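Comments concern the structure below.
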Amino acid sequence: MKILVVNAGSSSLKYQLIEMDNEEVICKGGVECIGIEGSKISHKVNGAEHVIEKPLTNHTDAFNLVMECLTNKEYGSISSPDEIKAIGHRVVHSGEAFTSSTYIDDEALKKLESIAHLAPLHNPASLACLKSCMSIMSCPNVCVFDTGFHSTMPPKAKLYAIPYEDYEATQIRKYGFHGTSHKFVSQEAIAYLKDKKLPYSNIITCHLGNGSSVTAVKDGKCIDTSMGMTPLDGLIMGTRCGCIDAAAVEMLAEYKNLSTKEMTQYLNKQCGFLGVSGVSSDFRKLCGAIDAGNERAKLAFDMFAYQIRKYLGSYSVAMGGLDCIVFTGGIGENGPTIREAICDDLQFMGIEIDKEYNADIPRNQLVDVSAKNSKVKILVIPTNEELVIARETKDVVNSL
Ligand code: ADP
């Protein structure tokens, strides 16, 4: 069974065609600059890359070009669009309209349209792509939400202390993001721990990339996560400020003379590693600046590690224990220094990292970096969000 996974941004469309019988990626690629100058597709198959530059006015044009590549006589992977049995769409926000991955019919499409304003930078692009697929293709379309894995959070964890009627009227509460990643790595961790006959009830997953979030996974289910109504909340990130006193936002807006919209942009794009260090939002560049003696880069690094450590403490208490910490994402998988800084001096919690081994681990596989005596397992697990989307799409389609 072949499933096409698509991830639409406002001017981009990434895709992977996956053979679900062996869960292997057949081909993948991305369309850039949809609706703007310089639009092109790069399609990767069997180690070769095919680039086509072509004006693309909208997501329908982009999707048609994807299908042209997939069915290309010379390097295509399928002979007919009918070979695709379903399309799985990554959608950022579910609001309260959806709690799990959903087959999209006309009614579900209307529901999805009604919540587009909750993620104005993301959901409208997914909708545009979804509508294109629904009109061009005859196979089922399934939406898989970034918020989905977090739908099991209890009210005490997900509600903000605003008047309850205002929450009911606006759906404003904590939703959490990176759900497909937290789900994938927690499931991988559980399988690994079960195999080793180790406890696996209480897991903290740290997805650390340009955007970062930490999730408490109890008995396989999310009970709390660090991002909020939007991905701005929680940790300091590449360009996002993370948690900040809401009253300080007004003060900053006055100081910078910014509107509320501009302020949201400022907090999302000019803060975080970039704002604190003045160097870069990119973690590798931050580490380079630290090596060169830049103190503000070091401060941003220290803030990041400190905040994650606090989540380890609070989520251990929330779950009543800790069996395993998982690191994933570009930084989590490739940043030994941050893993060491996060786990440093936490023997009192049973957390002990093997510093030497952690410094240079094999890539692209699950790696156990815990010291021999560590009560808590510390794992580095490469994430695979597309595979989660494909698996959920398959499950939804099979249940139709
Ligand atoms: P996104 O949230 O956009 O998916 P990624 O998960 O790809 O981001 O993570 C991007 C981050 O990972 C960047 O800050 C980058 O510097 C960092 N990163 C990538 N490779 C390394 C590396 N080898 N060492 C340290 N950081 C890395």
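Some values worked out for this structure:
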read-out	value
Some residue of the stretch 339-359 being surrounded by fewer than 20 Cβ atoms within 10 Å (Cβ to Cβ), within 16 Å of the ligand (Cβ to nearest atom) and in a helix (DSSP H, G or I)	yes
Hits in the stretch 305-338 (condition: within 13 Å of the ligand (Cβ to nearest atom) and surrounded by 17 or more Cβ atoms within 10 Å (Cβ to Cβ))	Phe327, Thr328, Gly329, Gly330, Ile331, Gly332, Glu333, Asn334, Gly335, Pro336, Ile338
Checking Cys69 against (1) under 19 Å from Ser12 (Cβ atoms); (2) touching a helix residue (DSSP H, G or I) at 6+ places or on another chain (Cβ under 8 Å); (3) modelled with pLDDT of 95 or more, the condition it does not meet	(2)
Residue in the stretch 105-121 that is of a type outside the set (Phe, Trp, Tyr), part of a loop (DSSP other than H, G, I, E, B) and free of Cβ contacts under 8 Å to residues at least 40 places away in the same chain present	yes
Leading residue by the ranking (nearest to Gly335 (Cα to Cα)) among those in the stretch 252-289 that are over 27 Å from the mean Cα position of the chain (by Cα) and either within 13 Å of the ligand (Cβ to nearest atom) or in a helix (DSSP H, G or I) (or both)	Leu252
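The values are calculated or read from the model by the stated rules, or taken from the named source; none is laboratory data. Remember, predicted model here, so these are calculated numbers, not experimental data. Note that we place each Cβ from the backbone using ideal geometry, even for glycine, and neighbour counts take in every protein chain shown.
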